[in-house]
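One structure is given here, and the rest of the page talks about it.
Just so it is clear, none of the values below were taken in a lab; they were calculated from the coordinates. Model, not experiment: these values are computed from the prediction. Methodologically, a virtual Cβ is constructed for each residue, glycine included, from the backbone with ideal geometry; neighbour enumeration extends over all protein chains shown.
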Amino acid sequence: MPIQEKAPPKMAAKTPSSEEEPELPKLPVPPLQQTLATYLRCMQHLVPEEQFRRSQAIVQRFGAPGGLGETLQQKLLERQEKTANWVSEYWLNDMYLNNRLALPVNSSPAVIFARQHFQDTNDQLRFAANLISGVLNYKALLDSHSIPTDCAKGQLSGQQLCMKQYYGLFSSYRLPGHTQDTLVAQKSSVMPEPEHIIVACCNQFFVLDVVINFRRLSEGDLFTQLRKIVKMASNEDERLPPIGLLTSDGRNEWAEARTVLMKDSTNRDSLDMIERCICLVCLDAPGGWEPSDTNRALQLLHGGGCSKNGANRWYDKSLQFVVGRDGTCGVVCEHSPFDGIVLVQCTEYLLKFMMSSSKKLVRADSVSELPAPRRLRWKCSPEIQGLLASSAEKLQRIVKNLDFTIYKFDNYGKTFIKKQKCSPDAFIQVALQLAFYRLHKRLVPTYESASIRRFQEGRVDNIRSATPEALSFVKAITNHKAAMPDLENLLLLKDAIRAQTEFTVMVSDEGGGLVWAHDC
């Protein structure tokens, strides 16, 4: 994702509260004829000529004076007047909440931390306690609106960006629905702020209060409580069914299972505690495989399936911090409340926090004054047991169907590309098109995200990287019968990179992507 943003300088102003949010411009509605012309230009080289002519005729009728296009354009302009961001609801629903696929692999991304080398379980728990302290510090900054405002870079350098997504990091929950999910924001004048996290261990879920008697727990306190949780989870006689598996299923299936769970008051109470928590911390068992970069990434993406740590998750919660006994650590996010750069900024803060305090030896504090964490209880009917078996089978299918390998390319990096006066992101996008063309003899109409956070409630828009210039380059570079001189190939490459860069700037500056302009 091309990050059109930069971390703010140390002296940047703190984030304004919602009532004093700086005046950001509204996302414009692209002019109708501009949208139609861009659509035709982006598709012409991707389809047969006859198909393009048919599309061209349809577009001309659609955009004719007094036609349907003008009617819909006017509706969008009216919508823009009435809402902070005319596209945000469309985007949230169509990209996320209407999607019925399972969250792991299909929707929920992950960030992998550097591999840790824990000597024993206490090391794992010290790391987790340190991480939780960082989370609480970061949340306190958010609650007090003390996070410096992000600013744009490049041509828009210094322009303030919308910070709304940050406030979904710890306050959001994706509630499964039978036809559409609901993104729930926990902020309420009625309900108090959550003061607990959920710890997953051995597929069991525990409530860890991080504020007790109006006092935030120290790292020593947290370490003490985590040790209690591990001891409680190791008691096989007390273990309950792995309910977290249900959240890995398709959204319709999970919605149906949740409806069944909600019939029992014990289950309702447990679901409420999870849905209102600050975040999850997943204490994973060893994966049982070599902790390579690829395997650690897979552990975060799907937990290795139901036989490993796949049930030690609750995928509806926006942030799940994974701390594995084998040193596999990272964060899994539910994508609907926020985009990648927000997760990256939060993660960078946490990693810096942990690095600055890593030399401090955390000891267990007094155990007498701390009430024991609470295991969440579940009443599982035969129907729920059957649904769990079905969810486990489908998660295994996801695990088996995923082909994923991390490959490190060491020949050169972004510094070399920048020295050639090329955008590293555009360079990679063209390289991806070349790789696909070599395999399939056609371009692939990919979409890449570009930030539009310079607008009110802006998230991302679409960059179309299958450009005519990219097609000219990949055809030339793969045509061995009529090989072109290297200099000409280089010029074609730079032309493709330029086209990709210009499209990126256009989308980021104007919100000029193609998908949403007339989605009424």
0 to 90° range, to nearest 10: angle between helix 121-143 axis and the chain longest Cα axis: 60
The chain, relative contact order in percent, only Cα pairs under 8 angstrom and at least six apart counted: 23
Residues whose placed amide H lies under 5 Å from that of ILE212, excluding near-sequence neighbours: LEU217
Mean Cβ neighbour count within 10 Å, used as a protection proxy, ranking 320-331, 419-430 highest first: 320-331, 419-430
Placed amide H near CYS329: partners under 5 Å, 5+ positions off or other chain: PHE113, GLN116, GLY324
Integer Hz, Karplus 6.51/-1.76/1.60 couplings in order for region 503-508, x for Gly and Pro: 5, 4, 5, 4, 5, 5
Cleavage-rule hits (chymotrypsin sites (Phe, Trp or Tyr not before Pro)) in region 160-269: DSSP loop, at most 12 neighbouring Cβ within 10 angstrom: PHE214
Cα-based Lys proximity count in region 393-520, under 16 Å, for pairs eight or more positions apart or on separate chains: 7
About the Cα centre, charge dipole magnitude for the chain (Lys/Arg +1, Asp/Glu -1 at Cβ), debye: 880
Helix-only mean residue ellipticity at 222 nm for the chain, each DSSP H run of n ≥ 4 adding -39500 (n - 2.57), per residue, nearest 500: -13000 deg cm²/dmol
Rounded to whole Hz, the Karplus (6.51, -1.76, 1.60) HN-Hα couplings of region 287-296, x for glycine and proline: x, x, 9, 4, x, 6, 4, 4, 5, 5
Between helix 265-275 and the chain: long-axis angle, C-alpha atoms, 0 to 90°, nearest 10: 50
DSSP bridge orientation in the chain - percent antiparallel, rounded to nearest 5: 75
Low-density loop positions, chymotrypsin sites (Phe, Trp or Tyr not before Pro), region 432-486 - DSSP coil, at most 11 other Cβ in 10 Å: none
Dimensionless Rg over Rh [region 408-520; C-alpha; Kirkwood]: 1.02
Links that overshoot a 23 Å alpha carbon limit, given the list LYS263/LYS308; LYS139/LYS317; LYS75/LYS153; LYS317/LYS379; LYS26/LYS352: LYS263/LYS308; LYS75/LYS153; LYS26/LYS352
Karplus-derived HN-Hα couplings along region 481-491 (A = 6.51, B = -1.76, C = 1.60, θ = phi - 60°), whole Hz, x at Gly and Pro: 6, 10, 4, 8, x, 4, 5, 5, 4, 5, 5
Mean separation of Cα contacts under 8 Å (6+ apart) over length of region 93-207, as relative contact order %: 20
Alpha carbon centroid spacing (whole Å) that separates region 247-293 from region 31-77: 45
Built amide H within the under 5 Å cut-off of CYS282, gap 5+: ALA200, PHE321, VAL322, VAL323
Between 0 and 90°, nearest 10: helix 68-82 axis offset from the chain longest Cα axis: 40
